[in-house]
1. Considering only protein heavy atoms, with the full assembly of protein chains and a 1.4 angstrom probe, order Ile267, Ile258, Ile149 by accessible area, largest first.
2. What order do you get for 294-300, 86-92 when each peptide is scored by the mean count of other beta carbon atoms within 10 Å, highest first?
3. Report the gain in length on full extension from Asp109 to Asp48: 0.36 nm times residue separation, minus Cα-Cα distance, nm rounded to one decimal.
4. Distance from the Cα centre of the range 256-290 to that of the range 137-186, in angstrom?
5. Between Ser23 and Lys280, how high is the FRET efficiency from 1/(1 + (r/R0)^6) when r is the Cβ-Cβ distance and R₀ = 45 Å? Nearest 0.05.
6. Given the protein chains as shown and a 1.4 Å probe, how many square angstrom of Arg223 are accessible, to the nearest 10?
7. By its C-alpha gyration tensor, with a ≥ b ≥ c as the square roots of the eigenvalues, how is the range 1-92 shaped: rounded for a/c under 1.5, else prolate for a/b larger than b/c, else oblate?
8. May I ask you to work out the translational diffusion coefficient for the range 131-266 at 37 °C, viscosity 0.692 mPa s, via Stokes-Einstein with Rh from the Kirkwood sum over Cα pairs, reported in whole µm²/s?
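The values are calculated or read from the model by the stated rules, or taken from the named source; none is laboratory data. All figures in this text were calculated on a predicted structure; none of them were measured in a lab. A quick note on method: Cβ atoms are made from the backbone with ideal geometry, for glycine too, and the neighbour counts reach across all protein chains shown. Accessible surface areas use protein heavy atoms only, side chains included; no ligands, DNA or RNA. Shrake-Rupley method; radii C 1.70, N 1.55, O 1.52, S 1.80 Å.
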Amino acid sequence: MEINKRFAVLNGNVLALEDAHISVLSPAVKYAASVFEGLRGYWNASHDQLYLLSLDAHIKRLFESMKVMRFSHSFDPEQVKQWTLETVRAHHHRQDITMRILAYVDTPDGNQGEAGPVNIVVTSTLGGKPVRTGLNLCFSTWARVDSRIMPPRVKSVANYNNGRLAIMEAKTNGYDNALFLSLDGKVAESTGASLFLVVDGKLITPDVSHSILDSITRRTVLRIARERFNLEVIERGVDRSEVYTADEAFLCGTSSEIRPVASVDRITVNDGNIGPITQKLQTFYLKAARGDDATHLEWLTAVY
Ligand code: PMP
């Protein structure tokens, strides 16, 4: 094996990454006709094993995204699962990784309304060192896409232009990232993560009908909070002012994991440090993700 050589698994074929091409006139490029999943793999040195977190849930959501976006294909979830495992094995990764499964409409020169042919490509990258410091956020002047416009529940690449506008604005104004309000004025989510508040010992988070992605980490956090820590969890519409007065706030997502929010619109969340409930959820989440907690091994797929 050549060290540092990278691969892509395209419709089940293992290719050198540089050989996984797409036409510049493909609908995926011209019209963002693509949906994807991002997932993480955690290396457990004492198990000598790499675990992919929530692989089945990610693949299920990929198929839901393709359905909503009316992709015409004949893939099945088990096949895509095997391709994902093959991608990691091709790299012999024995470190934390991040992965991307991308489904896209690819014709040499396609129109906006093409339903196929669809390709699925899986890639894998070394994870790098996650940043876990508190975030300084603002409320964006951009609203979150609405299900009457672009369904936020599905993970369509096009939705990320909404997030991009908000990130660019936030960074220009000196913030790390942004929170969105929905078109009906309720708190939605961040540009690539879900939001949770802690108020009087209870967890509060926007429910999935408030213009958010149906986040897999969010579902995991809900389960950990309820089942492991016996916390009351309320999924409901959240007002902007509730974020300013919360005792704790954090973002969660595959990439963010569980990341504390230090301030919003320059208003400090409590004292700006990670709060005790966020801390215990984060500690447990990271332990479970790496396979160091025997109670949630069903969330993990062993690669080797
Ligand atoms: N919201 C948005 C807009 C996202 O892009 C992501 C990242 N996929 C999340 C929430 C978190 O979702 P998940 O936990 O499934 O990664």
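1. Greatest to least solvent exposure: Ile149, Ile267, Ile258.
2. The densest-packed peptide leads the list: 86-92, 294-300.
3. Going from the current span to full extension adds 17.4 nm.
4. 21
5. 0.35
6. For Arg223, the solvent-accessible surface is approximately 90 Å².
7. It comes out oblate by the Cα gyration axes.
8. 223
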